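Taken together, the values in this text are just the output of simple stated rules run on the coordinates, not laboratory data. All of these numbers come straight from a predicted model, not from anything done at the bench. Quick reminder, even Gly has a Cβ in these numbers, built from the backbone with ideal geometry, and neighbours come from all protein chains shown.
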Amino acid sequence: MTTLYDRLGGAEAVNAAVDIFYRKVLADDRVNGFFDNTDMDRQIAKQKAFLTMAFGGPNKYTGKDMRTGHKHLVARGLNDSHVDAIIELLGSTLKELGAAPADIAQVAAIAESVRNDVLNR
Amino acid sequence: MHASQGEVPEAAQKGLKTTLRKQNLFLSCQCLPEHDMTVSLPDAQGLDTRAVIASREMLNHNVMRLLLRPESGFACEPGQFISLINGDGLARSYSVANNPVRDGVIELHIRLLKGGMMSDFLREEAAPGETVTVRGPAGNCFYVSDDGRDYPIVLAGTGTGLAPLYGIVKQALAMGHNGAIQLFHGALHSNDLYLVEELLALAAGHAPLRYTPCVLHDAPGSLPGPFYVQGNIEDVVLSALPSDKAPARLFLCGAPEFVNALKRKAFLAGLASRHIFADAFLPSKPMPAAA
Ligand SMILES: Cc1cc2nc3c(=O)[nH]c(=O)nc-3n(C[C@H](O)[C@H](O)[C@H](O)COP(=O)(O)OP(=O)(O)OC[C@H]3O[C@@H](n4cnc5c(N)ncnc54)[C@H](O)[C@@H]3O)c2cc1C
């Protein structure tokens, strides 16, 4: 049985997706305020780690990382609507890359599973 | 990590920028050595080289061209930067504007700041014949031809941000680059430009190269014109990005605000993040906040 990560195309898919995804994030007024004044290269590296996780690939994310990593953003107003927007942008990125709807839903479910950790609740 | 000896497995360099791969940098977590390798942490590779000041020359009212002759073998890619350390241990980063291996000297372009410590040393004390220390090189702003020589190159710098770009352009031309090369140099006033004659001649002699000086505040009469574009270099560069974005490479150097803003805008305009190479000339200490 192939894994979700393999079906999506593994590390190559992450590399292809990261620019498309991050461009959407920066262009989206609902969420780009959280990405102001950030070092682009560092952000791209972080987005790669996030996409690898959401694509079901090998990752070292823990609930604790998710919490500490987003604490300062929650203090700045990060809430459910922003998580919704990110999951939506993730979906449209995958659609653009030609992923199957069932796989897109599975990625959304993985992203959904870290929502409470991201929002520190 | 950095491999000083031994072959780096392909998998350990996957996803890294070509300029990082070329320096034998790799991801240790992805590295299953196939042969013996000698490795070190990347920032520990910088060896110190003693160098003699060969010449100092003003290129405009405040930019000095400093030529240093290394006493022992020194190698770097044109466009990387080194740390210049004087006898008092004062250290500052400067970008390399030439190919030191070919020329036997290291060429630096240094904007002399009023009250700057290294600036004062260079203006008043650093006489030809004096010895300094060069540490490095570092940085991944340089030309590579691994993916062929046909991709379009855009280079944009403000002030002495021209230094690394000048090195990269000359290297690309020496390597026989075929793709279009567009060089943009931004200055506040036309008298802040430098190497204008050399660059106009270089562009006239090399078909792929176009050189566009951009001056923010026009001061008519200061230099015979109009050989420059008047306007904000950011806008000029964005409107000149190649239509074929996928293979295009962008090099950005100079003022941090300029570098970071254009990096983001060019990325949003469609350039691949792994094709954007930038060195922000950060001050040695945080600048006092603007009032
Ligand atoms: C990677 C890298 C590459 C660099 N390459 C070059 C290069 O090729 N050519 C070059 O000229 N410089 C380059 N720089 C900048 C250089 O390293 C020094 O910061 C600069 O020469 C000033 O040093 P100084 O000792 O004369 O001044 P300092 O004593 O460090 O500073 C004096 C005062 O000037 C202020 N100041 C510093 N920078 C600026 C600025 N840009 N504008 C206005 N005020 C400022 C400082 O806050 C301080 O108050 C580079 C920097 C980096 C990080």
Non-local residues with an amide H under 5 Å from the amide H of residue B:80, with H modelled 1.01 Å from N and Pro and chain starts lacking one, are B:96
How much space per residue, in cubic angstrom, does the convex hull of the C-alpha atoms of the protein assembly as shown take up? 177
Hydrodynamic calc, the stretch A:50-118: Kirkwood Rh from Cα pairs, then Stokes-Einstein at 4 °C with viscosity 1.567 mPa s, so D in µm² s⁻¹ is 103
Can you list residues whose amide H is under 5 Å from residue B:180's amide H, if they're 5+ apart or on another chain and H is modeled 1.01 Å from N? B:153
Cβ neighbours within 10 Å from other chains - mean over A:40-46: 3
Counting Lys and Arg as +1 and Asp and Glu as -1, what is the net charge of the other residues whose Cβ lies under 14 Å from the Cβ of residue B:31? -2
The stretch B:2-43 - percent relative contact order, Cα under 8 Å, separation 6 or more: 59
Trypsin sites (Lys or Arg not before Pro) restricted to the stretch A:44-113 and DSSP loop, no more than 12 other C-beta within 10 Å: A:60, A:76
Run the reach check for residue A:64 against aspartates and glutamates, Cα to Cα strictly under 12 Å, same-chain hits fewer than 8 apart removed. What comes back? A:117
For every other residue with a beta carbon closer than 13 angstrom to the beta carbon of residue B:55, add +1 if it is Lys or Arg and -1 if Asp or Glu, then tell me the sum. -1
Compute the distance in nm between two label points, each set 7 Å from the Cα along the Cα-to-Cβ direction, one at residue A:97 and one at residue B:30. 1.4
Dividing the alpha-carbon Rg of the stretch B:47-138 by 2.2 N^0.38 Å yields what? 0.97
What is the distance, in nm, between label points placed 7 Å from the Cα along the Cα-to-Cβ direction at residue A:65 and at residue B:206? 4.3
Förster radius 60 Å - calculated FRET efficiency between residue A:6 and residue B:173, Cβ distance, rounded to 0.05: 0.85
Cα→Cβ-extended label distance, 7 Å offset, between residue B:112 and residue A:112, nm: 6.7
Relative contact order (%) - chain B, alpha-carbon pairs under 8 angstrom, separation at least six: 15
Cut-off under 15 Å on the C-alpha distance; same-chain residues fewer than 8 positions from residue A:48 excluded. Which aspartates and glutamates are left, in chain and number order? A:12, A:19, A:39
Calculate for chain A the 222 nm mean residue ellipticity that helices alone would give, adding -39,500 (n - 2.57) per DSSP H run of length 4 or more and normalising by residue count, nearest 500 deg cm²/dmol. -22000 deg cm²/dmol
What size of dipole, in debye to the nearest 20, comes out for the protein assembly as shown about its Cα centre when the only charges are +1 on Lys and Arg C-beta atoms and -1 on Asp and Glu C-beta atoms? 540
